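> After the structure tokens below, expect a handful of questions from me.
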Amino acid sequence: MKEKFAKLLLGEDMSGGGKGVSSALALSNAITNLAASAFGEQKKLEPMAPETKARWRKEIDWLLSVTDHIVEFVPSKQVSKDGIHMDIMITRQRTDLHINIPALRKLDAMLLECLENFKEQNEFFYTSSKDDDDTRNDDKWWIPTPKVPQNGLSEATRKWMQGQKDSVNQVLKAAMAINAQVLSEMEIPESYIESLPKNGRASLGDSIYKSITDDYFDPDYFLSTMDLSSEHKILDLKNRIEASVIIWKRKMNAKDTKSSWSSGVSLEKREILEERAETILLILKHRFPGLPQSSLDISKIQYNRDVGQAILESYSRIIESLAYTVLSRIEDVTYADSLTRNPSNGEKKTKLPSAKEEVEKQNSAETPTSMTLLDFMGWTLDRGETDVKNDLKDDVSKDVDMLPSKLPKVVTNKKLSYIERLENLGGARSPTARH
């Protein structure tokens with residue numbers, strides 16, 4: 001522990017010369033590195049080793065303990081001995097940490113419990129690529145291949161696997177929503193802004209810009225015309241679109257000034273372009289949940305100075321990554337089962353959900369019957385409650401289900417943003433390729 005906290009205090013500069021990274025980035029890196037050493041690639045559906053699980057829980061508690069001391073001032077009332085009511089200011093854990101840290105801890109525990117559930121299963125096993133005649137046909141050739149009985153999994157096991165998949169899918173959805181929200185609240189570094197071209201066309205390229213600005217815009221058709229054959233190409237498209245969104249937003253903010261970002265394009269048209277671009281980003285986020293971080297996200301994390309946001313972002317990111325990996329391993333088993341019961345399925349490719357289905361799903365998520373993050377975590381939201389209990393220590397020690405509700409959002413007539421759509425989306429996409 002002394003060694004780990006020495007690295008944090010030195011900002012990872014072991015020479016002590018004061019050239020280390022910020023505390024926020026040092027903590028972010030520490031959480032990321034801890035998860036990498038504890039979970040690795042999670043090649044099989046099996047419980048964590050007891051000593052590894054104990055180390056993970058102990059060391060992640062050390063790193064998260066920093067959030068107990070990140071506080072904010074809030075008004076409160078105090079009654080003196082003579083009965084006089086006084087308005088005073090007290091400190092409590094910052095609201096975003098008070099809500100999201102317990103939620104992430106619960107998601108963490110749910111994933112570990114899911115892995116623990118595979119301890120007793122005996123209907124499938126793994127073979128290494130060296131022992132397997134049927135080598136994997138994807139880029140994860142080093143991942144062991146699951147094998148099932150000649151007749152496939154039993155009906156009971158198949159239903160149980162589906163239940164585990166649904167549970168992990170919900171964890172993935174919740175972690176993605178928290179991570180996206182935290183990233184959206186981080187400031188955009190000046191270095192990133194300075195690297196942007198002056199207009200969206202230069203960022204997107206003539207072909208993509210023409211497709212997005214066309215009078216008739218169909219996101220399904222747009223994505224079908226894009227080359228999404230590799231992770232690098234998908235990430236490049238995401239980087240270009242995110243950059244164009246930032247450019248258009250700055251131009252809209254500069255419309256009343258003589259800023260170099262202002263232009264002659266109408267505000268209404270720019271809003272339409274921004275909405276179309278954010279729709280594409282939303283679809284990419286859920287169609288490819290395992291996609292690496294974009295240039296904008298990396299830049300935000302690198303230059304972020306808010307320690308609380310750094311911890312929330314890194315903790316939610318590693319939970320999202322682990323959930324996606326576990327989900328991929330579950331789909332490996334279900335794919336092997338499907339292939340065993342019907343070998344012709346091996347020639348079929350999984351159909352990607354269309355953009356129209358994505359948008360319809362997002363629209364249906366706006367109805368009162370849709371499950372929100374609060375519903376999933378078992379919390380209740382009292383629209384009339386705006387005060388949070390003062391005794392922070394007692395609140396944090398309670399079960400997550402008993403936590404005070406998140407303060408209600410102000411409802412306006414504005415259109416849903418990319419982050420709001422992501423948070424309200426009905427469910428995260430399952431991986432379409434075997435990993």
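The values are calculated or read from the model by the stated rules, or taken from the named source; none is laboratory data. All figures in this text were calculated on a predicted structure; none of them were measured in a lab. Cβ: placed from backbone, ideal geometry, glycine included. Neighbour counts: every protein chain shown. Only protein heavy atoms, including side chains, enter the accessible area calculation; ligands, DNA and RNA are left aside. Shrake-Rupley method; radii C 1.70, N 1.55, O 1.52, S 1.80 Å.
> Students sometimes get this wrong: rank TYR209, TYR335, TYR315 by accessible area, probe 1.4 Å, all chains present, largest first.
Ranking TYR209, TYR335, TYR315 by accessible area, largest first, yields TYR335, TYR209, TYR315.
> Near the amide H of TYR126, under 5 Å away, which other amide H atoms are found, from residues 5 or more places off or on another chain, if H is placed in the peptide plane?
LYS147
> Continuing with the same structure: Please list MET1, MET110 in order of solvent-accessible area, largest first, computed with a 1.4 Å probe with all protein chains present.
In descending accessible area the options line up as MET1, MET110.
> Under a plain spin-label model, where a point goes 7 Å from the Cα along Cα-to-Cβ, how far apart in nm are ASP68 and GLU123?
Going from the ASP68 label point to the GLU123 one covers 4.4 nm.
> To continue, here is another question. Which value in nm describes the separation of the simple spin-label points at GLU3 and ASP236, placed 7 Å from the Cα toward the beta carbon?
Taking the simple label geometry, GLU3 and ASP236 are separated by 4.2 nm.
> Here's something else I'd like to know. What FRET efficiency comes out for the pair SER195/ALA109, r = Cβ-Cβ distance, R0 = 30 Å, nearest 0.05?
0.15
> So how much accessible area does LYS210 have, in Å² to the nearest 10, using a 1.4 Å probe?
Ignoring ligands and nucleic acids, LYS210 comes out at about 150 Å².
> Could you order TYR192, TYR126, TYR221 by accessible surface area, starting with the largest, using a probe radius of 1.4 Å?
TYR221, TYR126, TYR192
> OK, next. Extension gain ASN33-GLU185, at 0.36 nm per residue separation less the Cα-Cα distance, in nm?
Length gained, ASN33 through GLU185: 52.3 nm.
> OK, next. Check which residues have an amide H placed less than 5 Å from VAL71's amide H, if you skip close sequence neighbours.
Here the answer is ARG94, since their amide H atoms fall under 5 Å of that of VAL71.
> Kindly identify segment 1-122 as rounded, prolate or oblate by the Cα gyration tensor criterion: order the square roots of the eigenvalues as a ≥ b ≥ c, call it rounded if a/c is under 1.5, otherwise compare a/b with b/c, prolate if a/b is larger, else oblate.
Oblate.
> Under the Karplus relation 6.51 cos²θ - 1.76 cosθ + 1.60, θ = phi - 60°, what is the ordered set of whole-Hz ³J(HN,Hα) values for segment 179-184, x standing for Gly and Pro?
Each residue's phi maps through the Karplus curve to give 4, 5, 5, 5, 4, 5 Hz.
> Keeping all protein chains in position, work out how much accessible area ILE311 exposes to a 1.4 Å probe, and write it in Å² to the nearest 10.
So the heavy atoms of ILE311 present about 0 Å² to solvent.
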